[in-house]
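In what follows, a structure is listed as structure tokens, so that the remarks can point back to it.
Read-outs: derived from the displayed coordinates by stated rules, not from any lab. As the structure is a computational prediction, the values presented were derived from the model and not from experiment. For neighbour counting, all protein chains shown are included, and Cβ atoms are generated from backbone atoms with ideal geometry for every residue, glycine included.
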Amino acid sequence: PASFDILTSVSSLSVDDRSLQTQIDELALFSDAPAPSVTRVLYTDKDVSARRYIKNLMKLAGLSIREDAVGNIFGQWDGHETQLAGVATGSHIDAIPYSGKFDGVVGVLGAIEAINVLKRSGFKPKRSLEVVMFTSEEPTRFGISCLGSRLMAGSEALEKALQQTVDSQNVSFLDASRSAGYMRDHDDLSSVRMKKGSYSAFVELHIEQGPILEAEGVSIGIVTAIAAPASIKVDFEGNGGHAGAVLMPYRNDAGLAAAELALAVEEHVLETGSIDTVGTVGVIDLHPRAINSIPSKSHLEIDTRDIDEMRRNSVVEKIHQSAVAIAKKRSVILSGFEIVNQDPPALADETIIRAMEAASQQLNLTHRLMISRAYHDSLFMARVSPMGMIFIPCYKGYSHKPEEYASAEDIANGIKVLALTLAKLSLY
Ligand code: GLV
Ligand code: MN
Ligand code: MN
Ligand code: MN
């Protein structure tokens, strides 16, 4: 039967890279930053337009579309055994401020194209295939990463927190989602949860966001594990005052406390002695932010990650101890120390890894196993379903900046591996 043909003769798998390139370029136009930068933040007008664009492509691919209460979007292609758990694939299209057009996007447009590839080849799935576009993988607006997939995996703590969460402009999560057409009156965040086993497999295609594949000239990265991310928000408060009149011995400068903590983060990360431990202070806000006023308040947002969860936790603990010690030394108040998330790492599933390896081999594509240092919705999908990820090379490993780039050929290779992997998993 046609279903099995593509498993032996992969020549029928052809990616329409012209259309795909057009889609990548068109999606990048939904941006609040000028090209080549992309800024697309959750529930903004640009995000809502981009969502409409994706739903249209899903419709053109013949998928039946469903959206949940927070705007995770699902496009389903029915298999001939709809009583079986389906196979899902997808990623995100939100983009952090001044980033590029490939992060996440390749895994959403690529997933829809993988379905088109399979349809054109004559393949008929046994298990249904589903494309998922996740809501807010990036933490930009409300400070929490992988918001959609985290809720899907079930987080009562997050469901509760989101009732109160506001963005930097004091717009609540609930109002923002309503304005984008979600969280209607009858909607409940708990409805986003998915039962474990809802999918038999979940596979995400993504650019590597690191330099290894390009440097080694390898076409496909097969992810074995995703590093454990944590993020922390810290607030200091001092008395502020006049930058000329308050003499140095009489100050308690909240800005300097922030500066000192930022350096302490670097120190604690380096102290582990492992190249796998990383830490970043991507946000420092000072109040009142005037050149002639001593900062009376400071706010830091700290990201730290490791492939070793215990070691990552010990860094978080040391950052806390430093925050307490710095506040004491500088006579400022540590008015906030919130661990926003402290997630364990996730392992990819052996069967999916083997399916991705076999697919790469059949397609004659060089491949290697690797870990993902960036986090992805797959980190949370691993709690719902066996998970796997396919990486493709990107220019110099650049990501989260406008220079981010992946070639049409590398993207097409990734889509073929995805399509063939989905086909295999659908027939299990
Ligand atoms: C995802 O964007 C990450 O920060 O790893
Ligand atoms: Mn990202
Ligand atoms: Mn991403
Ligand atoms: Mn990401």
- Item | Cα gyration tensor, region 329-428 - rounded (a/c under 1.5), prolate or oblate | oblate
- Task: Enumerate the amide H contacts of residue 394 below 5 Å, restricted to partners 5 or more residues apart or on another chain; note that Pro and chain-start residues carry no placed amide H.
- Result: 208, 209, 210, 214
- Note on the structure: With Cα springs under 10 Å, the Gaussian network model of the chain assigns the largest mean-square fluctuation among 406, 259, 290 to 290
- Between residue 45 and residue 188, Cβ-based FRET efficiency (R0 30 Å, step 0.05) works out to 0.70
- Two-site FRET efficiency, residue 12 against residue 292, from Cβ-Cβ distance with R₀ of 56 Å, rounded to 0.05: 0.20
- Query: Of the residues 362, 321, 342, which exhibits the maximal mean-square fluctuation in a Gaussian network model of the chain defined by a 10 Å Cα contact cut-off?
  - Reply: 321
- Once a ≥ b ≥ c are taken as the square roots of the eigenvalues of the Cα gyration tensor of region 1-98, is the result rounded (a/c under 1.5), prolate (a/b larger than b/c) or oblate (a/b not larger than b/c)? oblate
- Task: Sum up the charges of everything whose Cβ sits under 11 Å from the Cβ of residue 215, counting Lys and Arg as +1 and Asp and Glu as -1, but leave residue 215 out.
- Result: -2
- Query: So which trypsin sites (Lys or Arg not before Pro) in region 210-311 are both in a DSSP loop and have at most 11 other Cβ atoms within 10 Å of their Cβ?
  - Reply: 289
- Candidates 160, 101, 59: whichever shows maximal mean-square fluctuation once the chain is modelled as a Gaussian network with Cα springs under 10 Å: 160
- Kindly identify region 307-348 as rounded, prolate or oblate by the Cα gyration tensor criterion: order the square roots of the eigenvalues as a ≥ b ≥ c, call it rounded if a/c is under 1.5, otherwise compare a/b with b/c, prolate if a/b is larger, else oblate. oblate
- Using the structure shown, list the pairs from 124/416; 119/424; 233/329; 55/119; 318/401 with a Cα-Cα distance above 22 Å, or answer none. 318/401
- Message: Looking at the chain only, what percent of DSSP beta bridges run antiparallel? Nearest 5 please.
- Response: 65
- Message: Give me the three principal axis extents of the chain from the C-alpha atoms, as integers in angstrom, largest value leading.
- Response: 83, 50, 39
- Message: Tell me the Kirkwood radius of region 228-342: reciprocal of the mean inverse pair distance over distinct alpha-carbon atoms, in Å.
- Response: 14.4
